[in-house]
1. Out of curiosity, is residue 184 under 25 Å from residue 325 (Cα atoms), open to solvent by 10 Å² or more (accessible area, probe 1.4 Å) and touching a residue at least 60 places away in the same chain (Cβ under 8 Å)?
2. Only one of (1) closer than 16 Å to residue 145 by Cα; (2) hydroxyl-bearing (Ser, Thr, Tyr); (3) open to solvent by 30 Å² or more (accessible area, probe 1.4 Å) is not met by residue 203, so which one is it?
3. In this structure, is residue 186 more than 23 Å from residue 318 (Cα to Cα), among the charged types (D, E, K, R) and assigned to a helix (DSSP H, G or I)?
4. Any residue in region 207-216 that is more than 23 Å from residue 101 (Cα to Cα) and open to solvent by 40 Å² or more (accessible area, probe 1.4 Å)?
5. Quick check on residue 172: is it open to solvent by 20 Å² or more (accessible area, probe 1.4 Å), modelled with pLDDT of 95 or more and either hydroxyl-bearing (Ser, Thr, Tyr) or closer than 18 Å to residue 190 by Cα (or both)?
6. Within the set of pairs 6+ apart or on separate chains, which have a first residue in region 216-228 that is touching a residue at least 24 places away in the same chain (Cβ under 8 Å) and among the basic types (Lys, Arg), a second that is open to solvent by 30 Å² or more (accessible area, probe 1.4 Å) and not in a loop (DSSP other than H, G, I, E, B), and C-beta atoms under 9 Å apart?
7. Pick from region 358-370 the residues that are in contact (Cβ under 8 Å) with a residue 24 or more places away in the chain, assigned to a loop (DSSP other than H, G, I, E, B) and of a type in the set (S, T, N, Q): which of them is surrounded by the fewest Cβ atoms within 10 Å (Cβ to Cβ)?
Amino acid sequence: TKWPQVTQKMAKVVTMKTSSCLAPASYSPCRFAARARGAHLQPTTPQGASCLSGGDLLLRRRRVNGNGIGKVDEKRLLFRVGSAQGKINPSTGLPIEDSDVVQKKEVTINGTTWAYRCTEGAQDESDKTKKKPAVVLLHGILSSSYSYRAMIQIMGQAGYRVVAPDWPGHGLSSAPGEKFTFKEDDYLHSLKAFLHKLQVDESPYVLVTQGFILGQYGLLYALKNKDDIEKLVMFNTPLLKKTPLPPVLKSVKGSDGIFGFFAQKNEGPLEEIRADNYMQGGSPYYLDGQDATVYQEPFEKQEYRDAVQSLMNLVDYEDLVDRIDQGFRTWRKESLVAFGTSDFYVDWNTASEWLEDKRTNIRFFTFSDKMGHSVQDDYPERVAETTINFIEGEDIQRKGKITRTG
């Protein structure tokens, strides 16, 4: 395949393989765009997007080095071509937005609307999959449940009840209500009320966390609600203080200065928060334009920017990491720490180091596939497969030698 000329240091290309199937007219390959140095690179209609067996979409993406030479990476996405555009459910006459498995719902908790994606799981009482635990997927700051969209579908098709909320001030959830103070406990208490309202906490469930701050709040939630947790999974969540905040988060929080001097806090409301740049920055792959828009759209509104700014202003990042570290030294629930090794925000070796004084009930796994900070978005099939294997007691390999306490 002939690649178009690249004039920026980094670019994404979508190519077509020869295929006999046709994409519906509503699908536009031109929607794929790259963001480089703060500007969108909108390609001309690419050589296409291949409709493979089953109608899956194959993307080829490459990261180009300073000499304009890059490695081509492939990944298969589970989204049906045109699944969200122009299709009608014949039984309801309504448009199909995601899939027949994944649903979008919302509930109101203390004046705040929590939006969430979910699957119902197995409905047949005689079906063995009915005994599978519910799975709760928590995203990190500036992300949303959209990052889990394919993983939700895969696990739903495997018979799991999956609940993936958008934290307040993120995704399709509303900005927090007037009584919300943006302190850590507000987020934890609100999450507790959300899961109770959905009756998820009626029996132990699997909790999955990923990402900065809100993903870390998910770990604090697990420590405070141990009896509710059957198993715990941590994807690319910062665990050591040596992992710095990414640049976008630093810009929201402002500078703490040097030894407490020359601190520069942001005064007044922020005019811009680039969630799209943040989601792009941790991955070896380029976001396509539609995905970038989904992540960025909430933060085009001032109340969402204010919510993130208030959250970051109240976070003591180093103290948060310390409390998580101390808490998990006595953690006894079966857990999995699974990291993508191409994360530009969190070095996977920090997870290995973090585990050195933790109990052996916490297992370590690194994905052999090329994955960045949002592993669930980079390769959802592999991440879902690993999660299901862990839940069902299958063997999980781990990389490297780790010395840990019993």
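The values are calculated or read from the model by the stated rules, or taken from the named source; none is laboratory data. On a predicted model such as this, the values are computed, not experimentally measured, just so you know. Glycine gets a Cβ as well: all are built from the backbone with ideal geometry, and neighbour counts include every protein chain shown. In case anyone asks, the SASA skips ligands and DNA or RNA and just uses the protein heavy atoms, side chains included. Shrake-Rupley method; radii C 1.70, N 1.55, O 1.52, S 1.80 Å.
1. When the stated conditions are applied, residue 184 passes them.
2. Only one criterion in (1) closer than 16 Å to residue 145 by Cα; (2) hydroxyl-bearing (Ser, Thr, Tyr); (3) open to solvent by 30 Å² or more (accessible area, probe 1.4 Å) is unmet by residue 203, namely (1).
3. In short, no.
4. No, region 207-216 has no match at all.
5. Taking the combined requirement at face value, the residue satisfies it.
6. Filtered contacts from region 216-228: 224/192.
7. Once the filter is applied, the top-ranked residue is 360.
Quick grid of which residues meet (1) at pLDDT 95 or above; (2) assigned to a helix (DSSP H, G or I):
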| position | (1), (2) |
| --- | --- |
| 329 | yes, no |
| 338 | yes, no |
| 341 | yes, no |
| 346 | yes, no |
| 356 | yes, yes |
| 393 | no, no |
| 397 | no, no |
| 406 | no, no |
